[in-house]
1. State all residues of region 61-95 that are open to solvent by 70 Å² or more (accessible area, probe 1.4 Å), closer than 19 Å to GLY34 by Cα and of a type in the set (Val, Ile, Thr); if no residue qualifies, say none.
2. Given the conditions (1) free of Cβ contacts under 8 Å to residues at least 60 places away in the same chain; (2) hydrophobic (A, V, I, L, M, F, W, C); (3) within 24 Å of MET1 (Cα to Cα), report the number of the one that PHE65 does not fulfil.
3. Output the residues belonging to region 22-60 that are under 15 Å from the mean Cα position of the chain (by Cα), surrounded by 13 or more Cβ atoms within 10 Å (Cβ to Cβ) and closer than 16 Å to ASP83 by Cα.
4. Looking at the structure I just gave you, is GLU57 touching a residue at least 24 places away in the same chain (Cβ under 8 Å) and within 16 Å of MET1 (Cβ to Cβ)?
5. When you check THR31 against the structure, is it assigned to a strand (DSSP E or B) and closer than 23 Å to ASP94 by Cα, yes or no?
6. Which residue pairs have Cβ atoms closer than 8 Å, lie 6 or more positions apart in sequence or on different chains, and pair a first residue in region 15-42 that is under 16 Å from GLN64 (Cβ atoms) and among the hydrophobic types (A, V, I, L, M, F, W, C) with a second residue that is open to solvent by 80 Å² or more (accessible area, probe 1.4 Å) and assigned to a loop (DSSP other than H, G, I, E, B)?
7. State all residues of region 68-95 that are more than 23 Å from GLU18 (Cα to Cα), assigned to a loop (DSSP other than H, G, I, E, B) and of a type in the set (Val, Ile, Thr); if no residue qualifies, say none.
Amino acid sequence: MNKYELVLVVNVKIEDEERAAVVDRAKEIITRFGGVVTEVEDAGKKRLAYEIQKMREGFYYFVQFDAPATCPAEVERRMRIQDNVIRYLCVRKDA
């Protein structure tokens, strides 16, 4: 099991419940493919470096998880098709 971190930038125009549902969906995908979520950090609303889909701000979430090597590719593949996820990035954390 490797340690990974998933960064999600979520649409700022949606309601709190919908944002929570996006994060819950990401955690569900991680557990479905053999991962264990260890921590979820809500970094709040931040200004984006450049405009994405006519938005200048986004809500940032950092999800730490332990998973086999095949899990991050599946997580990224599923995050790509989420409507309210503006950007995502899954990286392996070194020990």
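The values are calculated or read from the model by the stated rules, or taken from the named source; none is laboratory data. None of these values were measured; they are calculated from a predicted model. Cβ placement follows ideal geometry from the backbone for every residue including glycine, while neighbour counts extend to all protein chains displayed. The accessibility values were calculated without ligands, DNA or RNA, using every heavy atom of the protein model including side chains. Shrake-Rupley method; radii C 1.70, N 1.55, O 1.52, S 1.80 Å.
1. THR70
2. Of (1) free of Cβ contacts under 8 Å to residues at least 60 places away in the same chain; (2) hydrophobic (A, V, I, L, M, F, W, C); (3) within 24 Å of MET1 (Cα to Cα), only one is false for PHE65: (1).
3. VAL22, VAL23, ARG25, ALA26, ILE29, GLY58, PHE59, TYR60, listed by residue number.
4. no
5. No, not satisfied.
6. PHE33/THR70; VAL36/MET1
7. Result: THR70, single match.
Each row is one residue, and each column tells you yes or no for (1) assigned to a helix (DSSP H, G or I); (2) over 18 Å from LYS93 (Cα atoms).
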| position | (1), (2) |
| --- | --- |
| TYR4 | no, no |
| VAL9 | no, yes |
| ILE14 | no, yes |
| GLU18 | yes, yes |
| VAL37 | no, no |
| LYS46 | no, yes |
| ASP66 | no, no |
